[in-house]
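The values are calculated or read from the model by the stated rules, or taken from the named source; none is laboratory data. Quick caveat: nothing in here was measured; it's all calculated off a predicted structure. Quick reminder, even Gly has a Cβ in these numbers, built from the backbone with ideal geometry, and neighbours come from all protein chains shown. What goes into the accessible areas is simple: the full protein's heavy atoms, side chains included, and nothing from ligands, DNA or RNA. Shrake-Rupley method; radii C 1.70, N 1.55, O 1.52, S 1.80 Å.
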Amino acid sequence: QVQLVESGGGLVQAGGSLRLSCVVSGSTFSINRIGWYRQAPGKQRELVATISRGGTTNYADSVKGRFTISRDGATYTVYLQMSSLKPEDTAVYYCNVLKALRDYWGQGTQVTVSS
């Protein structure tokens, strides 16, 4: 089993920054990828950014150049640095782990960007 705990959400004005953290624990061997997804009210959950076991990153077009995903391999902590935030970034952000073709999810953290 894999456990994920997110933190770092909150309320910020447009143009501001936030950093989300996801601590991954439990059976961490053979994790293929860790990422962040988000879900806004009335919308489907969407990919924000991922980082593979080898360190390859992938971003949604809507956040490229503004968000950065990184990983502390020693502690299996993944960060999402969000800058130049926009009201449309408002959502619940979920940490995701892909391991052996199975998805694991955190409980989510709310990010609200005011205009």
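The set of residues in region 2-56 that are among the basic types (Lys, Arg) and open to solvent by less than 60 Å² (accessible area, probe 1.4 Å) contains only 38. For residue 77, are the conditions met, namely being modelled with pLDDT of 95 or more and more than 19 Å from residue 11 (Cβ to Cβ)? No: the conditions fail for residue 77. So, in region 73-112, how many residues would count as being over 18 Å from residue 5 (Cβ atoms), open to solvent by 20 Å² or more (accessible area, probe 1.4 Å) and among the charged types (D, E, K, R)? Total meeting the criteria: 3. I'd like to check something: does region 37-45 contain any residue that is in a strand (DSSP E or B) and over 30 Å from residue 115 (Cβ atoms)? Looking through region 37-45, none of the residues is in a strand (DSSP E or B) and over 30 Å from residue 115 (Cβ atoms).
Residue-by-condition table, conditions (1) of a type in the set (Gly, Ala, Ser); (2) within 13 Å of the chain's Cα centre (by Cα); (3) under 12 Å from residue 24 (Cα atoms); (4) not in a strand (DSSP E or B):
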residue: 75; (1), (2), (3), (4): no, no, yes, yes
residue: 79; (1), (2), (3), (4): no, yes, yes, no
residue: 84; (1), (2), (3), (4): yes, no, no, yes
residue: 88; (1), (2), (3), (4): no, no, no, yes
residue: 92; (1), (2), (3), (4): no, yes, no, no
residue: 96; (1), (2), (3), (4): no, yes, yes, no
residue: 104; (1), (2), (3), (4): no, yes, yes, no
residue: 110; (1), (2), (3), (4): no, yes, no, no
